[in-house]
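Engineer: I'd like to ask you about the structure that follows.
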Amino acid sequence: MAPSGVLGAASAARSRGRIVVSVVTLALAVAIGRLCFFTVDSAEYAIVTDFGKPTQVVTTPGLGFKYPYQSVRTFDRRLFVYASSSSEFLTLEKTPVVAAGSVLWRVADPKRFFETVFDRAGAESRLGDILFAELGAAVGRNPLGALVSVDVTAYRAEAIVAELAHRCRDIAQRDYGIEVVDVQLRSFDFPKQNRLRLYARMKSERGRMSMQYRSEGEEEGLKVRAVAEEEKARILGKAIELSQQRRGEGDGEAAHIYAEALGRAPDFYAFQRTMEASRSFAHKGTTMVLPADSPLFGVLFDSNYFNGTAAGGDGVAHGEAPKK
């Protein structure tokens, strides 16, 4: 019985030893797996470093392999927004302004990014330096009217910001492996201590511009009125000429009609002219002293005075006063 008991105990010990070995082996395998394998997310880049020196760049998501003594550094590949603080700059005519910008960026070259800025804080620090330098240069190369103006011919802020974004993009990509997607001018104002003086200057400038516009408008108005007066004089002259022509034609036609009427009935024409003459100067309450042989009396005394046969029939000569 003793030998069998000893054999059972030894078998149990060997079983426990195999279990311990299996557990230790599994633990070592898991530990080695954790040290040798890593995963990369779709929103990340990964860099494998050998004592701080980049040896492998992983840009595709999935499972990666490394040696146990190597390290893995991951970087977010999504877009970031960096908003700079406001800084004071001088324009081309030495006008102080306060401006701030925003940068939309992401990691483009993970290895270059790791070697130069290391992380997001370092990247935004470098982007702030680039934006400050390039924004100051852009403001200093242009007058104030190019950035703040109501004159569309002078205003070119969009072109200035586009050039600023291009220069920031080139520097960040070349030096730090950062892709600058966009740059925008977030704020643009005057320093508080200079605002009243600058606003007064702007008001004076607008007053000068308004006076210039009024002067140009008055000059243009004078030109328009002069042209209108000239056209009016031309039209009136032509109208007067045409009216005189029509009046002359009418007078000629009237004279022709009068002559024709006179030729047909000279006595009636003489009577009508006499009546018209008497109507024109003999108004109501008028006292007239006329000679006895006036043609007006001839009509009053004899209704046939203007008849050519009256002189022979009645013994009254034409143009003579009747005898009583």
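Engineer: For segment 1-150, what's the relative contact order in percent, using C-alpha pairs closer than 8 Å and at least 6 residues apart?
Structural biologist: Across segment 1-150, relative contact order equals 18 percent.
Engineer: Take the Cβ-Cβ distance between F51 and V72 as r, set R0 to 22 Å, and report the resulting FRET efficiency rounded to the nearest 0.05.
Structural biologist: 0.95
Engineer: If you don't mind, another one. Please find the FRET efficiency linking K111 to F188, where r is the Cβ-Cβ separation and R0 is fixed at 45 Å, and quote it to the nearest 0.05.
Structural biologist: 0.75
Engineer: Using the beta-carbon distance between C36 and L104 and R0 = 41 Å, what value does 1/(1 + (r/R0)^6) give for FRET efficiency, to the nearest 0.05?
Structural biologist: In this case the efficiency is close to 0.65.
Engineer: At 1.306 mPa s and 10 °C, plugging the Kirkwood radius over alpha-carbon pairs of segment 1-132 into Stokes-Einstein gives what diffusion coefficient in µm²/s?
Structural biologist: On the way: Rh = 19.7 Å.
For these conditions, the coefficient is 80 µm²/s.
Engineer: Follow-up. Roughly speaking, to the nearest percent, how much of segment 184-289's 1.4 Å accessible area is carbon and sulfur?
Structural biologist: Working: 5230 of 9060 Å².
C and S fraction of accessible area: 58 percent.
Engineer: Moving to a separate point now. Under 16 Å Cα to Cα from K94, which aspartates and glutamates show up? Leave out anything in the same chain fewer than 8 places away.
Structural biologist: Of all the aspartates and glutamates, those that pass the test against K94 - Cα under 16 Å, at least 8 places apart if same chain - are D189.
Engineer: Could I ask something else about it? What list of ³J(HN,Hα) couplings, whole Hz, do you get for segment 68-77 from phi and the Karplus terms 6.51, -1.76, 1.60, once you set θ to phi - 60° and write x for glycine and proline?
Structural biologist: x, 7, 8, 10, 10, 10, 10, 10, 6, 9
Engineer: Another question about this same structure. Using only the C-alpha atoms of segment 135-287, find the volume of their convex hull and express it per residue in Å³. Mind dumping the intermediate values first?
Structural biologist: Values: hull volume 46.2 nm³, N = 153.
In segment 135-287, the Cα hull volume divided by residue count equals 302 Å³.
Engineer: In a shell of Cβ-Cβ distance under 14 Å around R208, excluding R208 itself, what net charge do Lys and Arg (+1) and Asp and Glu (-1) give? Numbers along the way, then the final one.
Structural biologist: On the way: positive: R201, K203, R206, R214; negative: D151, E205, E216.
Result for the neighbourhood of R208: +1.
Engineer: Give me P(r) over segment 171-254, computed from all C-alpha to C-alpha distances, binned every 10 Å, as integer percentages.
Structural biologist: Per 10 Å bin, starting at zero, the Cα-Cα P(r) for segment 171-254 comes out as 13, 14, 14, 13, 13, 10, 9, 7, 5, 2, 1 percent.
The values are calculated or read from the model by the stated rules, or taken from the named source; none is laboratory data. Remember, predicted model here, so these are calculated numbers, not experimental data. Please note: Cβ atoms are built from the backbone with ideal geometry, for glycine as well, and neighbour counts cover all protein chains shown. The area values use the complete protein model at the heavy-atom level, side chains included, leaving out ligands, DNA and RNA. Shrake-Rupley method; radii C 1.70, N 1.55, O 1.52, S 1.80 Å.
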